[in-house]
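So the structure is just underneath, and the comments pick up after that.
The values are calculated or read from the model by the stated rules, or taken from the named source; none is laboratory data. On a predicted model such as this, the values are computed, not experimentally measured, just so you know. Using ideal geometry, Cβ is built from the backbone for each residue, glycine included, and neighbour counts are taken over all protein chains shown. Ligands, DNA and RNA are stripped out before the accessible areas are found, and what is left, the full protein with its side chains, is counted by its heavy atoms. Shrake-Rupley method; radii C 1.70, N 1.55, O 1.52, S 1.80 Å.
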Protein chains: 4
Amino acid sequence: MASFGRLFSFSGNGFSLFNGVNESNGCPMPLTPHSSDNSLSSARALGLDFGAAETGPTNTIADVAGVSVGHHTLNEGNCRTGFTAILPHPGDLFREKLPAAVDVINGYGKSAGLIQVEELGSLETPVLLTNTFAVGTGVNALIRRAISQNSDIGRSTGTVNPVVLECNDGYLSDIQAMALREEHVVSALENASADFEQGSVGAGTGMSAFGFKGGIGTASRVLQYSGRKFTLGTLVLANFGRPGDLVLPDGRRPCPKEKGQIEERGSVIVVIATDVPLESRQLKRVAKRAGSGLARLGSFYGNGSGDIALAFSTACRLRHDEKSDFIARDILHEDKIDPLFLAVAQSTQEAVLNAMIASTAMRGRGRHKRPALRDWLLAR
Amino acid sequence: MASFGRLFSFSGNGFSLFNGVNESNGCPMPLTPHSSDNSLSSARALGLDFGAAETGPTNTIADVAGVSVGHHTLNEGNCRTGFTAILPHPGDLFREKLPAAVDVINGYGKSAGLIQVEELGSLETPVLLTNTFAVGTGVNALIRRAISQNSDIGRSTGTVNPVVLECNDGYLSDIQAMALREEHVVSALENASADFEQGSVGAGTGMSAFGFKGGIGTASRVLQYSGRKFTLGTLVLANFGRPGDLVLPDGRRPCPKEKGQIEERGSVIVVIATDVPLESRQLKRVAKRAGSGLARLGSFYGNGSGDIALAFSTACRLRHDEKSDFIARDILHEDKIDPLFLAVAQSTQEAVLNAMIASTAMRGRGRHKRPALRDWLLAR
Amino acid sequence: MASFGRLFSFSGNGFSLFNGVNESNGCPMPLTPHSSDNSLSSARALGLDFGAAETGPTNTIADVAGVSVGHHTLNEGNCRTGFTAILPHPGDLFREKLPAAVDVINGYGKSAGLIQVEELGSLETPVLLTNTFAVGTGVNALIRRAISQNSDIGRSTGTVNPVVLECNDGYLSDIQAMALREEHVVSALENASADFEQGSVGAGTGMSAFGFKGGIGTASRVLQYSGRKFTLGTLVLANFGRPGDLVLPDGRRPCPKEKGQIEERGSVIVVIATDVPLESRQLKRVAKRAGSGLARLGSFYGNGSGDIALAFSTACRLRHDEKSDFIARDILHEDKIDPLFLAVAQSTQEAVLNAMIASTAMRGRGRHKRPALRDWLLAR
Amino acid sequence: MASFGRLFSFSGNGFSLFNGVNESNGCPMPLTPHSSDNSLSSARALGLDFGAAETGPTNTIADVAGVSVGHHTLNEGNCRTGFTAILPHPGDLFREKLPAAVDVINGYGKSAGLIQVEELGSLETPVLLTNTFAVGTGVNALIRRAISQNSDIGRSTGTVNPVVLECNDGYLSDIQAMALREEHVVSALENASADFEQGSVGAGTGMSAFGFKGGIGTASRVLQYSGRKFTLGTLVLANFGRPGDLVLPDGRRPCPKEKGQIEERGSVIVVIATDVPLESRQLKRVAKRAGSGLARLGSFYGNGSGDIALAFSTACRLRHDEKSDFIARDILHEDKIDPLFLAVAQSTQEAVLNAMIASTAMRGRGRHKRPALRDWLLAR
């Protein structure tokens, strides 16, 4: 074992490396954790390496200026669920829409609002994440909020397109109870802040990933264009992956002892924000690279997993009441798009691991339980 | 009859209708109006000609065996709205799904459930039609109904994908009131019958089309394959088209005197049923021809109009609890698909005109009103 | 004039044409035929009415400044075929690309280059039209031309994406002969001019439509934005439609006495140019409305018909050697897009009729023949 | 270093593991090769591990019964290029088509024939792979071959849709020379066999991947349905990936010392064959999982890389001259599709590594050279 110790100490550059298979259970063997981090609640804190690319100051989606995130958590009785709201900018999204796009990686999902985002290339409400059976309630709440802020909706102007994305948390939570209410959406929206929790909070409360506890995770990358810094941030609702399929950046393959439900009925939502000016076609290309991030983790986009990526750019606002026929916009030259693609792949991979590592073990409905990836890592 | 005489006399504005084929040159001939119909509530009864193609016995979507339709109408105060439910077969759709597909003609819409229909090529709930702001309530109601019928949903099996399609009836109805409730969905489902009303009922209650009153309309066509008869039926929720753009099959272009709201904020939903055995890719091709039917009416798929077509085949049921790995299915040979395409184009065109002609003039929210196309036709 | 009198006399078959709007009720009025046109080689010259919308000065795609069109016609032996080249601007397209998009109305076709236009939203060669079996030769010729103009292609920079669109002219022409050569592409490109022929020329030489002779046709519309005039122009290669399905704007349904091949094995290509500044997603929406123009003519996008629309905007050039990371562009506000949609629907409809009316009757391979729509119209 | 030796010896289960970074050049450090394999021309022979899933007997696409592959290699002067033909069955594809589908992972590519495969869900020629500028010649050759076998094409029946997929080999080969001729296609087709070479042969001759020599590679997986064995086989034309991005299954990241061209101008084509009966929508889902296999190798689908996957099923033949209106087919139940998804992800990953490992180092145009991944592995 001593040699392994040396392998993972690597003082100076702190690489943590895969380290073989436990012959008794077929699972990869443990790692001694880094000790220099106190919180141990992020993938980096536990020594996972995501390469040299620079992250934003908080390594969250809120590193994109103006983006904030709020949760409402419902953890009572057999319910382990909630809402997470992503506010792309602090203003009224209906009045000032943002360019946006969607990539449906695997459409086994019930998310709302995607058809219009695809057609018009714009986003006009906050993005709401929740469980599969709370989509209707989320839709209603976003409509009521938009009306309360814009009395012309459905009267002298058109309607509004609420975007509500979902995963099925039914393994840990009583999803049949349909316990979430519209006031919980209001609460999530009001809680929005650039400083927000990860793990088993909000929509992430009852989610599972690769047989471990899943949830909300986030990461960011810094990009350079025209001599100044831009940011791309990713937030995931991680509820996908079969036990045993997870691959860490170092090649290790953690799998839980008790696999619980094995058939994939999960899903994963990836929300991507950037301040790089992009047209919606480009945002769609950017969103598509979320799939490569998921695959790096071992996903093959299982049949039962509704894997959806949504990307928006905060670089320009599309005014609902625009007086001009034309809008002057900067658009990234297509040849310069690779750094964004790479940033999505990397930050999606990292955000999922952050979601898992920020989550502690949980017991839920029907005595179902999910262990924490953090515990697996710390036990090595 | 006198009024019909005037209708076809060519005096004044010289319009003509077609009446089959002139045997000397093989071209369509002018039409003598139908006199045998008393109700005057369908396009054919008012003398409009849709060619020689055979319709089903009732010229409705219910000519496809097993399909039924139910309405719940909410016409009180400033509300002119409702739900219309299409039940593709009398059984439990969740247990016995149908092959299905969607074509998004113009995605300025808020319909729910389409992503999964596209991915999996199947339908597992009734199809619900309603106003834009009742989609969330429709989703919740369909989920609760599916759970009540299938207690394993979200527990020992996956979730369910409710399909709710919508148009904006906000010109005639107080859409901000969000007055529809889940019990109204139950009512629409319970009202389902092969014998159902058209016009300003259910989801069609407050809809507008080409400046006239719109609503629910339907039509069907009979097809011949392998020596036996098959049926394709279409039901539309017609709420699209700018005043003045409507073109009748005879070339006339009815437009209302008072145009009301001119900017298109409408939408149209086209639901297509057939008993021809098709795979979902073929159903998608079939659905796409709904667009040609709309264009025949003068539509150019305006920016603000969410135009969606959904098609399903009743020829085979996809069992949720299938024991076999493989399903034996008949599939139409691709070269034989043109009659279906033509049937969709024609029946969509006719269903929209039936929706308009079955509707009487209506006054709604804010003293807004829509005249009846029937009155325009009878006044000629 | 006498013949026109007969055309509009309503005797015998009672057809009518529209002539603008009745001021008392705002509805379209019957039309007195145009008498000022001698050539009788366009739909308008023969009295067909396309409403009040303003056309460009020549009513061709070349009304969009910078666009030119060249033909090479091969009409010898059993071959009735050729190339038509559309040059979107007079410069080097590879060095200065244009925003572009494609809509595949029905993908039963063999066109080349569409995948990349869809992904990158840009066009980097002239658009070449030809017969189905000359696509390979067209591809090779466009590559060789791009290399001759840009010696870095495939060496120090990437490759080039030739766009070649096709229809099957095999009813009138010996398509198996594969008689077109690369030098014919060069000839078509060198012939490019803002003043070009329509009908049975270039790629249109051997095409058929609705049982009549088809070919190349074009039309344009003028649009107003921000107080100045813009143009949208459409050019079609018309080779689609079953005999008897054609509908004229006035409702008449010309059909040839001898129907020849009835099963649809045709196709139609619609190329749309505009100087309105649009992003590629918007161009895709614009292209999609070509389908509504085809449907107005009676098409239901038959199974065997490869119906493709390609749209580009000349408002901004995307430089291959761009030094900046960002490009400053004007983009049309989405709410202002309807006039473009309508212009596409109308100009596609008109361009197809122009293609047919500019063509005289033709006899080709195997004594196959196609009558001229012009003769049908003049005989009324 | 001794401890590293132990790490990679693991006698008994032969795992080869990632082993840290060479501090002088930033690249991962070497591994001692397995010595038990003589050929050393496949990834498995060099000790790479792809998990416990069973491969077919030859671990090639030809494990799917009836599939054969032929090459024509052009390696002379500055040309390093060729054709590779995949024959999905030994019969006439035009007469007996196969269900097929395409997934465009990144559409920066010039492949031909995909639009029709997408629309009709079928394949009617062999699949040809080649360089970007030989697509036109490949198209012409496939047309001529189809005509020679089917004299009715373009006369009494429709045309034919040649499928030609491409990558840009211009780094090692003089792609401007356009040196491939139609007779080379004939040669590749005639060479087709279930026993075929991998590496720098046929279309793979001049390809590059991750800074190493790329080319043709293949792998297969065995699946169990209804108590019998089925096979999925994958063949790749690997010409993608930036130097340094490659990740081996064990986590190692080989990068070449000289990186050559760094900007990604590559592409990768993934052809998937299976004898599992699938409808084309399912084949599209299957094809989409090729992207997850590429991502496992470190790809993020770079902007300049045309990444295309095409899948076909040999389980049923769609007869061109079908007399019946309906075809009786078995179709896999959707819930059983995950093993196919996983097989694609795994076999794509393995096929790319086989392509690289079967290739020796090559020097080409302009003294450009590409080292062999095999040498990198053997040097460890």
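Laid out as a table, the results:
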read-out	value
Residues that are of a type in the set (A, V, I, L, M, F, W, C) and facing another protein chain (nearest Cβ under 8 Å), drawn from region D:336-347	D:Ile337, D:Phe341, D:Leu342, D:Val344, D:Ala345
Some residue of region D:339-355 being part of a helix (DSSP H, G or I) and farther than 27 Å from D:Glu166 by Cα	yes
Matching residues in region C:148-161 - criterion: being farther than 15 Å from D:Gly306 by Cα and touching a strand residue (DSSP E or B) at 6+ places or on another chain (Cβ under 8 Å)	C:Asn150
Subset of region C:366-380 (residues that are open to solvent by 10 Å² or more (accessible area, probe 1.4 Å) and of a type in the set (A, V, I, L, M))	C:Leu378, C:Ala379
Which numbered condition C:Leu189 fails, given (1) more than 28 Å from C:Val276 (Cβ to Cβ); (2) touching a His at 6+ places or on another chain (Cβ under 9 Å); (3) of a type outside the set (Lys, Arg)	(1)
Members of region A:163-219 found to be more than 28 Å from A:Leu246 (Cβ to Cβ) and of a type outside the set (A, V, I, L, M, F, W, C), listed by number	A:Gln176, A:Arg181, A:Glu182, A:Glu183, A:His184, A:Ser187, A:Glu190, A:Asn191, A:Ser193, A:Asp195
Of the criteria (1) surrounded by fewer than 24 Cβ atoms within 10 Å (Cβ to Cβ); (2) within 26 Å of D:Glu182 (Cβ to Cβ), which one C:Thr157 fails	(2)
Answer from A:Arg252, A:Arg265 - the residue that is more than 18 Å from the chain's Cα centre (by Cα), at pLDDT below 95 and buried (at least 22 other Cβ atoms within 10 Å of the Cβ)	A:Arg252
From D:Gly14, D:Gly70, residue being surrounded by fewer than 17 Cβ atoms within 10 Å (Cβ to Cβ) and either more than 14 Å from chain C (Cβ to nearest Cβ) or modelled with pLDDT of 95 or more (or both)	D:Gly14
Filter result for A:Lys257 (open to solvent by 20 Å² or more (accessible area, probe 1.4 Å), part of a strand (DSSP E or B) and of a type in the set (D, E, K, R))	no
B:Val236 closer than 20 Å to B:Asp103 by Cα and in a strand (DSSP E or B)	yes
Per-region count, region A:198-233, residues open to solvent by 10 Å² or more (accessible area, probe 1.4 Å) and in a loop (DSSP other than H, G, I, E, B)	5
Qualifying position, being in contact with a Lys or Arg (Cβ under 6 Å, 6 or more places away or on another chain) and either free of Cβ contacts under 8 Å to residues at least 12 places away in the same chain or surrounded by fewer than 23 Cβ atoms within 10 Å (Cβ to Cβ) (or both), among C:Arg363, C:Arg319	C:Arg363
Elements of type strands (runs of 3 or more DSSP E) in region B:88-197, at least 1 residues being at the interface with another protein chain (Cβ under 8 Å from one of its Cβ atoms)	B:96-106
Within region D:289-304, tally of residues that are within 7 Å of chain A (Cβ to nearest Cβ) and in contact with a strand residue (DSSP E or B) (Cβ under 7 Å, 6 or more places away or on another chain)	2
Lone unmet requirement of (1) within 25 Å of B:Thr130 (Cα to Cα); (2) open to solvent by less than 10 Å² (accessible area, probe 1.4 Å) for B:Gln346	(2)
Residue within region A:95-115 that is closer than 17 Å to A:Asn140 by Cα and among the aromatic types (Phe, Trp, Tyr) present	no
Given (1) small (Gly, Ala, Ser); (2) within 10 Å of another protein chain (Cβ to nearest Cβ); (3) buried (at least 22 other Cβ atoms within 10 Å of the Cβ); (4) not in a loop (DSSP other than H, G, I, E, B), index of the condition D:Ala328 fails	(3)
Any hit, region D:98-108, residues being open to solvent by 10 Å² or more (accessible area, probe 1.4 Å), at pLDDT 95 or above and among the small types (Gly, Ala, Ser)	no
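Matching residues to (1) under 20 Å from the mean Cα position of the chain (by Cα); (2) over 21 Å from D:Ala273 (Cα atoms); (3) open to solvent by 10 Å² or more (accessible area, probe 1.4 Å):
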{"site": "D:Phe94", "(1), (2), (3)": "no, no, no"}
{"site": "D:Ala134", "(1), (2), (3)": "yes, yes, no"}
{"site": "D:Val163", "(1), (2), (3)": "yes, no, no"}
{"site": "D:Asp169", "(1), (2), (3)": "yes, yes, no"}
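Conditions tested, residue by residue: (1) within 14 Å of C:Gly293 (Cα to Cα); (2) in contact with a helix residue (DSSP H, G or I) (Cβ under 9 Å, 6 or more places away or on another chain); (3) facing chain B (nearest Cβ under 9 Å).
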{"site": "C:Phe312", "(1), (2), (3)": "no, yes, no"}
{"site": "C:Cys316", "(1), (2), (3)": "no, no, no"}
{"site": "C:His320", "(1), (2), (3)": "no, yes, no"}
{"site": "C:Leu332", "(1), (2), (3)": "no, yes, no"}
{"site": "C:Gln349", "(1), (2), (3)": "yes, yes, no"}
